[in-house]
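A quick write-up on the structure given underneath.
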Amino acid sequence: MALGDTSAALNAARSEVDALLWRRDVRAAASDYTIASRQWGSRDSAAIDGADVATAEDSPMGRVLGSAQAVTAEVPAQVETWARAPLQVLARLHSVVAHGHVPEDQLGRPRRAGEDPDDPLRLPIDIPPAESAAARLTLLSELVAESTDAPALAIAGIVHGELLTARPFTWGSGLLGRASVRLVLAARGVDPSLFTIPEAGMYQRGRPAYVRALRQYATGEPEQMAGYFAWFADVISLGAQAAPPTSA
């Protein structure tokens, strides 16, 4: 965050979100926007993972859309708990998103040694060992609890980046990571009504840009991280500029 360009990009994205929240047409149709955001966001999140959202079929990939819809719909119920018990919230969201995809004993818990995560984006990033991924979840929860004064978009970007690159669960870390952006923005009061559609921005920019940004995040190097946050700020801005609910 010490890099000036990063702060400027995140501030600009925050301004786009604020502009959306102050629009009269949005406030007049608040419930419609919230519903449309959830529907549109879950659709694009599933599409990012390779699901064909144009047709519904009873197959592993066909059920990805249902999982995306379920975890996105669960976010509002977890907003109040997030700041004080982030690990509990992540466990709950994983139980929702991975239901029907993994054995019951894997729901809500990080993967163990010998359990490999799914990798729908085929990230060119080494998969951290299970012990390391679990440790990163603990550190992430501490960051969420301690960083109350940090920019909300920065925290949202870190939560998303950690879940996508550490891949701490056997299935659904990507869907969960994208839903977590909504969670952080709502919990931190940036988008309490969940009007924005960050997944739409990610989908619009495309998988290659997504993968490139995550690869930059995974390096941990300040200049590379700045590239990730530039991408993140951009997709947040796009998500705030999404079309009205009548076209969702």
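Exactly one of (1) in contact with a His (Cβ under 8 Å, 6 or more places away or on another chain); (2) modelled with pLDDT under 95 is unmet by Ala83. Its number? Unmet for Ala83, out of (1) in contact with a His (Cβ under 8 Å, 6 or more places away or on another chain); (2) modelled with pLDDT under 95: (1).
Scanning the stretch 189-232 for residues that are assigned to a loop (DSSP other than H, G, I, E, B) and over 30 Å from Arg24 (Cα atoms) yields Gly206, Gly220, Glu221. With the structure loaded, tell me whether Ala187 is buried (at least 21 other Cβ atoms within 10 Å of the Cβ), out of contact with any strand residue (DSSP E or B) (no Cβ under 8 Å at 6 or more places or on another chain) and at pLDDT below 95 or whether it fails that test. No; evaluated as a whole, the condition is false for this residue.
Looking only at residues in the stretch 211-223 that are out of contact with any Ser or Thr (no Cβ under 8 Å at 6 or more places or on another chain) and buried (at least 20 other Cβ atoms within 10 Å of the Cβ), the one that is farthest from Ala46 (Cα to Cα) is Gln216. Quick check: is even one residue across the stretch 5-13 in contact (Cβ under 8 Å) with a residue 12 or more places away in the chain, over 21 Å from Ser180 (Cα atoms), of a type outside the set (Gly, Ala, Ser) and not in a helix (DSSP H, G or I)? Within the stretch 5-13, none of the residues are in contact (Cβ under 8 Å) with a residue 12 or more places away in the chain, over 21 Å from Ser180 (Cα atoms), of a type outside the set (Gly, Ala, Ser) and not in a helix (DSSP H, G or I). Comparison of Ala70, Ala46, Ala77, Ala36 shows that the only residue that is more than 14 Å from Arg182 (Cβ to Cβ) and not charged (D, E, K, R) is Ala46. From Ala47, Ala91, Ala77, grab the single residue that is under 26 Å from Gly220 (Cα atoms), surrounded by fewer than 22 Cβ atoms within 10 Å (Cβ to Cβ) and among the hydrophobic types (A, V, I, L, M, F, W, C). Residue meeting the stated conditions: Ala91.
The values are calculated or read from the model by the stated rules, or taken from the named source; none is laboratory data. Small disclaimer: the values here were computed from a predicted structure and weren't measured. Ideal geometry is used to build each Cβ from the backbone, glycine not excepted, and the neighbour counts take in all protein chains shown.
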